[in-house]
Amino acid sequence: MIEDLKKDADQRMQKSVAALTQALIKLRTGRAHPSLLEQVSVSYYGSNTPLNQVANVAVDDARTLSVTPWEQQMIPDIEKAIQNSGLGLNPVTAGKVIRVPLPDLTEERRRDLARLVKHEAEQGRVAVRNIRRDVISDIKTLLKEKEISEDDERRAEQDIQKITDKYVAEIDKISEDKQNEIMDF
């Protein structure tokens, strides 16, 4: 029973770290990456559709993305969607391909992004701690129902704390790496 709780906590904490990683991928670091345009939606036959479902998004070079629409008439809609996405990007059409050059990041923008990384990391740590709190609460419930002994409870709490510490350290490392990536480019 306690092993199931520990396994569940481990899996849930892993998901929290994965969610943080996904959130940080979307942050611009000055390098072109197709995931930068993941949240862009295009009006496609009356419905909002993710950009990657109506076009190929590829990296031309370190500072340029290329978007190749599957249908020629989508070019103006895709350009408009990229401009209105709030990413500060200005697409340029070159025939059947839309090139999206990434402007240099200013020092102030880098600091803002680093602050955002810290905030996202803190959200991840809070999620991991909430999972710990829930699992420890479940363990205390088992103790009250006399399904486990006090020694088992103490050992289980220590194990859950070790798992929590492991994932908090992983979140800290991911955050530090992303901040360095943003500030160094």
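For every residue, the table says whether it meets (1) aliphatic (A, V, I, L, M); (2) buried (at least 18 other Cβ atoms within 10 Å of the Cβ).
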| residue | (1), (2) |
| --- | --- |
| 62 | yes, no |
| 81 | yes, yes |
| 130 | no, no |
| 134 | no, no |
request  = Please find, within region 102-159, the residue that is modelled with the highest pLDDT out of those that are aliphatic (A, V, I, L, M), within 30 Å of residue 65 (Cβ to Cβ) and touching a Ser or Thr at 6+ places or on another chain (Cβ under 6 Å).
outcome  = 121
ask   = Can you name every residue in region 84-95 that is within 16 Å of residue 52 (Cα to Cα) and either modelled with pLDDT of 85 or more or not in a loop (DSSP other than H, G, I, E, B) (or both)?
value = 91
request  = Go through region 40-60 and count every residue that is under 20 Å from the mean Cα position of the chain (by Cα), buried (at least 19 other Cβ atoms within 10 Å of the Cβ) and touching a residue at least 24 places away in the same chain (Cβ under 8 Å).
outcome  = 2
query = Going through region 64-77 one residue at a time, which ones are surrounded by 16 or more Cβ atoms within 10 Å (Cβ to Cβ) and under 24 Å from residue 105 (Cβ atoms)?
reply = 65, 66, 67
key: Test result for residue 110, touching a helix residue (DSSP H, G or I) at 6+ places or on another chain (Cβ under 6 Å), among the basic types (Lys, Arg) and either assigned by TED's automatic domain parsing to the domain that holds residue 180 or on the phi < 0 side of the Ramachandran plot (or both)   = yes
query = Do we have any residue at all in region 22-39 that's assigned to a strand (DSSP E or B), surrounded by 13 or more Cβ atoms within 10 Å (Cβ to Cβ) and not assigned by TED's automatic domain parsing to the domain that holds residue 161?
reply = no
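The rows are residues; the columns are (1) over 30 Å from residue 149 (Cα atoms); (2) at pLDDT below 85.
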| site | (1), (2) |
| --- | --- |
| 8 | no, no |
| 30 | yes, yes |
| 39 | yes, yes |
| 48 | yes, no |
From the options 155, 125, residue that is more than 25 Å from the chain's Cα centre (by Cα) and either outside any helix (DSSP H, G or I) or among the basic types (Lys, Arg) (or both) = 155
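Quick check on my filter: what residues within region 142-152 are over 16 Å from residue 8 (Cα atoms), touching a residue at least 24 places away in the same chain (Cβ under 8 Å), part of a helix (DSSP H, G or I) and of a type in the set (A, V, I, L, M)?
none
If you go through region 152-172 one residue at a time, how many are surrounded by 12 or more Cβ atoms within 10 Å (Cβ to Cβ) and within 30 Å of residue 107 (Cα to Cα)?
Total satisfying the criteria: 4.
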key: Odd one out for residue 170 among (1) at pLDDT below 95; (2) assigned to a helix (DSSP H, G or I)   = (1)
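The values are calculated or read from the model by the stated rules, or taken from the named source; none is laboratory data. Small disclaimer: the values here were computed from a predicted structure and weren't measured. Cβ coordinates were reconstructed from backbone atoms using ideal geometry, including for glycine residues, and neighbour counts include every protein chain displayed.
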